[in-house]
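K.L.:
Could you have a look at this structure, given as structure tokens, before my questions?
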Amino acid sequence: MHSDEVFTEYKNDAPCKRADLPACPVETCVQLIGSKWRLLIMRDLLMNETMRFGALQRSVGKVSQKVLTTNLRAMEDAGLVVRRVYPEVPPRVEYSLTETGRSLKPIIDAMWTWGEDYQTKAR
């Protein structure tokens, strides 16, 4: 991205209210990233940093446009994803992780390692 590019950025910087979160920290994590699609979105944005919607949809797999949009908006509302809209025709929209979203990297890395170990034992 060039520093002189103009875009509108959408992200939620407001901290969550403690009362709105489950009492259990594990349940909080599951609530935020516990769906198949959100985990795959996280994986792909961690590997690629910034992705356009179509590229993200192809990368994630057999996900409908509606389901991907719904999950991206929920992740944006949770402060995990930032959406940048460029004033072009057609509009260019890019997604990336916020600092909070990137902080989940150790969890995704641990899941990767565990999955590799499991696949190895299954052979």
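The values are calculated or read from the model by the stated rules, or taken from the named source; none is laboratory data. Please read these numbers as outputs of a predicted model, since none were measured by experiment. Glycine also receives a Cβ, built like all others from the backbone with ideal geometry; neighbour counts cover every protein chain displayed. Surface accessibility is based on the protein's heavy atoms, side chains included, excluding ligands, DNA and RNA. Shrake-Rupley method; radii C 1.70, N 1.55, O 1.52, S 1.80 Å.
K.L.:
Tell me which residues come under 5 Å, amide H to amide H, from Arg52 once H is placed; ignore anything under 5 positions away on its chain.
P.N.:
Answer set, sorted by chain and number: Tyr95.
K.L.:
Ordered by residue, what ³J(HN,Hα) values in Hz, to whole numbers, does the range 97-114 give under the Karplus form 6.51 cos²θ - 1.76 cosθ + 1.60, where θ = phi - 60° and Gly and Pro are x?
P.N.:
8, 6, 4, 5, x, 5, 5, 7, 3, x, 5, 5, 4, 5, 5, 4, 4, 4
K.L.:
At 1.4 Å probe size, with the rest of the protein present, what percent of the exposed accessible area of the range 47-98 is carbon and sulfur atoms?
P.N.:
52 percent
K.L.:
How many Å² of accessible area per residue for the range 23-123, probe 1.4 Å?
P.N.:
63 Å²
K.L.:
Still on this structure, please answer the following. Let's see if you can work this out: charge +1 on each Lys and Arg Cβ, -1 on each Asp and Glu Cβ, no other charges. What is the dipole magnitude of the chain about its Cα centre, in debye to the nearest 20?
P.N.:
Computed about the Cα centre, the dipole is about 540 debye.
K.L.:
Oh, and also: Could you work out how much longer the chain between Glu49 and Tyr118 gets when fully extended? Use 0.36 nm per residue separation minus the Cα distance between them, nm to one decimal.
P.N.:
Fully extending the segment from Glu49 to Tyr118 adds 22.1 nm.
K.L.:
Do the sum for the chain: with -39,500 (n - 2.57) for every DSSP H run of n ≥ 4, divided by all residues, what is the mean residue ellipticity at 222 nm, to the nearest 500 deg cm²/dmol?
P.N.:
Result for the chain: -16000 deg cm²/dmol, rounded to the nearest 500.
K.L.:
In nanometres, what is the gap between the two model label sites at Asp109 and Ala19, each 7 Å from Cα along Cα-to-Cβ?
P.N.:
3.8 nm
K.L.:
Any of Lys36/Lys105; Lys11/Lys66; Lys11/Lys105; Lys17/Lys66 with alpha carbons more than 21 Å apart? Name them for me. Walk me through the numbers on the way to the answer.
P.N.:
Working: Lys36/Lys105 16 Å; Lys11/Lys66 19 Å; Lys11/Lys105 19 Å; Lys17/Lys66 28 Å.
Result: Lys17/Lys66 exceed 21 Å.
K.L.:
Given (i) 23; (ii) 17; (iii) 59 as candidate values of percent of Cα pairs over 27 Å apart, which corresponds to the one derived from the coordinates?
P.N.:
The calculated read-out lines up with (i).
K.L.:
Let me check I've understood the local charge: for Ala55, count other residues with C-beta under 13 angstrom from its C-beta, Lys and Arg +1, Asp and Glu -1. What total comes out?
P.N.:
Taking every other residue near Ala55 into account, the sum is 0.
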